[in-house]
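**Student:** Have a look at the structure that comes next, please.
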Amino acid sequence: MQYTFAADAIRKSQRVLSLRAFSTSCLRSAAVTGLFSAERTSIMSSHTQKWQYPEVRRDDSVVDNYHGTSIADPYRSLEDPDAKETQEFVEAQNDLSVPYINGSSVKETYLKSLTDAYNYPKTGCPYRRGDSFYHYHNTGLQNQSVLYSYKELTDEPKVFLDPNTFSEDGTVALGSTAFSKNGKLVAYGLSSSGSDWQTIKVRDADTSAELSDVLEHIKFSSIAWTHDNKGFFYCRYPVGDKSDGTETDANLNQMLYYHIVGTAQSDDVLCWKCPEQPKWMCSAEVTDDGEYVILGIVESCDPVNRLYYCKLSDLPNGITGCTDMLPCVKLIDNFDAKYDYIANDGREFSFMTNLKSPRYKLIRINLDKPEQENWADVVAEHEKDVLSWCSCVNQDKLVVCYQQDVKDVLYLHKLSDGSRIKQFPLDVGSVVSYSGRREDNFMFYKFTSFLTPGTIYYCDLSLETLEPKVHLDTKVAGFEADTFEVKQVFYESYDRTRVPMFIIHQKGISLDGNHPVLMYGYGGFNISLNPSFSVSRLLFCQHLGGVLAIPNLRGGGEYGETWHKGGIHAKKQNVFDDFHSAAEYLIANKYTNPKRLAIQGGSNGGLLVGACINQKPYLYGCGVAQVGVMDMLRFHKFTIGHAWCSDYGCSDSEEDFHWLVRYSPLHTIKKPLIPGVQFPSMLLFTGDHDDRVVPLHSLKYIATLQHELAGHPDQTNPLMIRVHCKQGHGAGKPTEKVLEESAEMYSFIARSLGVEWRD
């Protein structure tokens, strides 16, 4: 029940929503240093024009005092998305970037090839609710995936819920869905234009008829039905002046409500709030037996939560009879660790936790003996591998997924004592989705890798011999996996930490130091970058002669909480050092050179790109920062930004301020002092409805970047931003917009690195 609010690569299981120093040293290796010395003047791209960037009001009188240090914020006016000057600035920036991107020689060819390659069926794991099965499916180029239903696995699926019918341009997306216990009703969330705000509606599962229920002001909410099928728990925020995804106000005072189907939202029962802690958030889950509702209270993105519970049958007048919120028992009333509910047998509860176990384990707590000394380990912490998720299935079994050097391994255990029954066969890759509940005697899981589009396996757990069978194997026309090579290497960061990195390219390339390389990174919020399939990346390798590199930086979750903690707060510079070191490894091993090296990242990864470009502009030839967190002194003031202080710290603290200001992309832009060195070509992406990392981050950064470097005599590389309308942070983005943005990005990279399309 832990949400990660600045994350793009989110690990999911059936139970868990895991929404999970400063160094200016020169290049270390002699090979890289020599290359830089010899080619520093040739790092400049072939661009020769001087850019005329859009003008915007600069107010040098806006100065903040941070613990005795004055910090100017001359583009504070761009924080107002409704201001005319902000809108004019956005329009002028698009007038500059769009023609330049469209002028790339590969744009139309790449977009057509990507559209053709992306046109393959994409299917999710089937799951059973009531007496029907459901799964998501996209025929290939549909803007939104469609939810289908069928009675038996062999039946022809029928359309149950098609979000493509909710808008002409595909910008209304289907969010969370939850079926009632008997499967007769489904509550589902809809979001518009990429915003995190959702509207919850209710539908009759048998007739597909829409009921009258419409719930608003909902963001970061679970949906949990009580087993009487009468209603569900959900979370909402107070009514604000504006909540359409373009506002910047902080999201505070989330509350938990219970809604009875068929009644007005104004009649919903308030079940939890904590006005003395306005940043706290809540999620609710009803146990498998329907006896308890479990509340997970979080204050940030840190993988820790408080854990409260209420036995529903003990309420004398039911939930609706509660006049002063739910009378919860506070089982865990601190933020020392994370606890995810897995199963319970009466008062015996099993939780997945990282308590004194940075690689996670499974424990059992008896509610009648809740003291910690009475807790028992069911599945102990592994000596090396990280327990990613587990789920109870077939009454007394546990499906357990570990991460082993950034590759998933899958096991079946006994719930009673945690003993292992078997290991399911997996290639090198990731389990990206799973379905199977305690009441089900079967399970589905979907496997993918860099070269595997997706294979769904089915396993009948009622049989004596447990052998998964292929339920659906996805094929992509024209894609030949055996023409590509995937390797995992390990390199040393500046402090000699061993860091893994995946490298993908076509077979048979010569290591001549001249390949265009795209290096993608994230490094934060306990998020792991596991192997995943991407036709856009493979096109880059196949038709642009590219090499894809994905380093697994500290700050992520690849090796548990120790790895995560090694890249946060005062240790955030480790993340940037890991990224610089990965670039130097690729150069030293003759994959590429600085003028052929592009870097990309989104959200926290956008911060990564901005910080690394600022620190070592000579090391990179192109940078693409998508929806990045660029203002590290004020991020906590907007929407859900306060939740990120768990990774970043907060400028309100004097100690935190001093490490934040040393890497904040907005505050560390400096003209290169070495003659002939300039900033690499830069392209920022943001969306006007991004209410997670609000657009002001990218707008202020690009305005500052252009102002500082426009007059630099060597700066001929373009510094640009592309602002998309009716788009948010990424979730729910229609396929058409996904393809267009991808084509824009690779066209800009190709033009920046000087590469052409090849058949």
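**Student:** In this structure, does Lys595 turn out to be among the basic types (Lys, Arg) and part of a helix (DSSP H, G or I)?
**Tutor:** Judged against the criteria, Lys595 is a match.
**Student:** Name the pairs: first residue in segment 559-574 and over 17 Å from Lys361 (Cβ atoms), second residue polar (S, T, N, Q) and modelled with pLDDT under 95, Cβ to Cβ under 6 Å, at least 6 apart or on different chains?
**Tutor:** Cβ pairs passing all conditions: Gln573/Ser23.
**Student:** Right, here's the next one. Would you mind stating whether Ser70 is in contact with a strand residue (DSSP E or B) (Cβ under 6 Å, 6 or more places away or on another chain), exposed (fewer than 13 other Cβ atoms within 10 Å of the Cβ) and over 19 Å from Lys737 (Cα atoms)? Talk me through it step by step, then tell me what you get.
**Tutor:** Numbers: in contact with a strand residue (DSSP E or B) (Cβ under 6 Å, 6 or more places away or on another chain): yes; exposed (fewer than 13 other Cβ atoms within 10 Å of the Cβ): yes; over 19 Å from Lys737 (Cα atoms): yes.
When the stated conditions are applied, Ser70 passes them.
**Student:** Sticking with this structure for a sec: Quick test of your reading of the structure: Ile527 fulfils all but one of (1) part of a strand (DSSP E or B); (2) over 14 Å from Glu584 (Cβ atoms). Name the failing condition by number.
**Tutor:** Result: Ile527 passes all but (1).
**Student:** When residues of segment 207-232 are filtered for being surrounded by 15 or more Cβ atoms within 10 Å (Cβ to Cβ) and more than 25 Å from the chain's Cα centre (by Cα), how many remain?
**Tutor:** 9
**Student:** Condition check: outside the structural domain of Trp389 (by TED's automatic domain parsing) and part of a strand (DSSP E or B). Does Leu215 satisfy that? Before you say what the answer is, go through the steps one by one.
**Tutor:** Working: outside the structural domain of Trp389 (by TED's automatic domain parsing): yes; part of a strand (DSSP E or B): yes.
Considered against the rule, which asks whether it is outside the structural domain of Trp389 (by TED's automatic domain parsing) and part of a strand (DSSP E or B), Leu215 comes out as yes.
**Student:** Being at pLDDT below 95 and either of a type in the set (Val, Ile, Thr) or closer than 26 Å to Arg128 by Cβ (or both): is that true of Thr320 here? Talk me through it step by step, then tell me what you get.
**Tutor:** Values: at pLDDT below 95: yes; either of a type in the set (Val, Ile, Thr) or closer than 26 Å to Arg128 by Cβ (or both): yes.
For Thr320, the condition - at pLDDT below 95 and either of a type in the set (Val, Ile, Thr) or closer than 26 Å to Arg128 by Cβ (or both) - is met.
**Student:** Of the residues Ser212, Ser180, only one is modelled with pLDDT of 95 or more and under 30 Å from Ile297 (Cβ atoms); which?
**Tutor:** Ser180
**Student:** Further question on the same structure: How about segment 323-345: which of its residues are at pLDDT below 95 and among the hydrophobic types (A, V, I, L, M, F, W, C)? Walk me through it before giving the result.
**Tutor:** Let us first name the residues in segment 323-345 that are at pLDDT below 95, namely 323-325.
Met325, the sole residue that qualifies.
**Student:** Tell me, which strands (runs of 3 or more DSSP E) wholly within segment 111-167 include 3 or more residues that are assigned by TED's automatic domain parsing to the domain that holds Thr448 and of a type in the set (Lys, Arg)?
**Tutor:** Counting at least 3 such residues, we get no strands (runs of 3 or more DSSP E) at all.
**Student:** State which residue is surrounded by the most Cβ atoms within 10 Å (Cβ to Cβ) when the search covers only segment 168-187 and only residues that are in a strand (DSSP E or B) and in contact with a helix residue (DSSP H, G or I) (Cβ under 9 Å, 6 or more places away or on another chain).
**Tutor:** Quick first cut of segment 168-187, residues in a strand (DSSP E or B) only: 172-179, 185-187.
Add one more test, that the residue is in contact with a helix residue (DSSP H, G or I) (Cβ under 9 Å, 6 or more places away or on another chain), and what stays is 172-174.
Working: Val172: 20, Ala173: 25, Leu174: 21.
Among residues in segment 168-187 that are in a strand (DSSP E or B) and in contact with a helix residue (DSSP H, G or I) (Cβ under 9 Å, 6 or more places away or on another chain), the one surrounded by the most Cβ atoms within 10 Å (Cβ to Cβ) is Ala173.
**Student:** What are the pairs, 6+ residues apart or on separate chains, where a residue within segment 323-349 that is within 16 Å of Trp280 (Cα to Cα) has its Cβ under 7 Å from a residue that is surrounded by 14 or more Cβ atoms within 10 Å (Cβ to Cβ) and modelled with pLDDT under 95?
**Tutor:** Cβ pairs passing all conditions: Lys338/Gln2.
**Student:** A further question on this structure: Which of the residues spanning segment 53-65 are modelled with pLDDT of 95 or more and either surrounded by fewer than 17 Cβ atoms within 10 Å (Cβ to Cβ) or among the β-branched types (Val, Ile, Thr) (or both)?
**Tutor:** If the condition is that a residue be modelled with pLDDT of 95 or more and either surrounded by fewer than 17 Cβ atoms within 10 Å (Cβ to Cβ) or among the β-branched types (Val, Ile, Thr) (or both), then Val56, Arg57, Arg58, Asp59, Asp60, Ser61, Val62, Val63, Asp64, Asn65 are the ones that fit.
**Student:** Look through segment 559-576, keep the residues that are surrounded by fewer than 24 Cβ atoms within 10 Å (Cβ to Cβ) and of a type in the set (D, E, K, R), and return whichever of them is farthest from Asp656 (Cα to Cα).
**Tutor:** The selected residue is Glu561.
The values are calculated or read from the model by the stated rules, or taken from the named source; none is laboratory data. Every value quoted in this text rests on a predicted model; they were computed, and no experiment measured them. Note: ideal-geometry Cβ built from the backbone for every residue, glycine included; neighbour counts use all protein chains shown.
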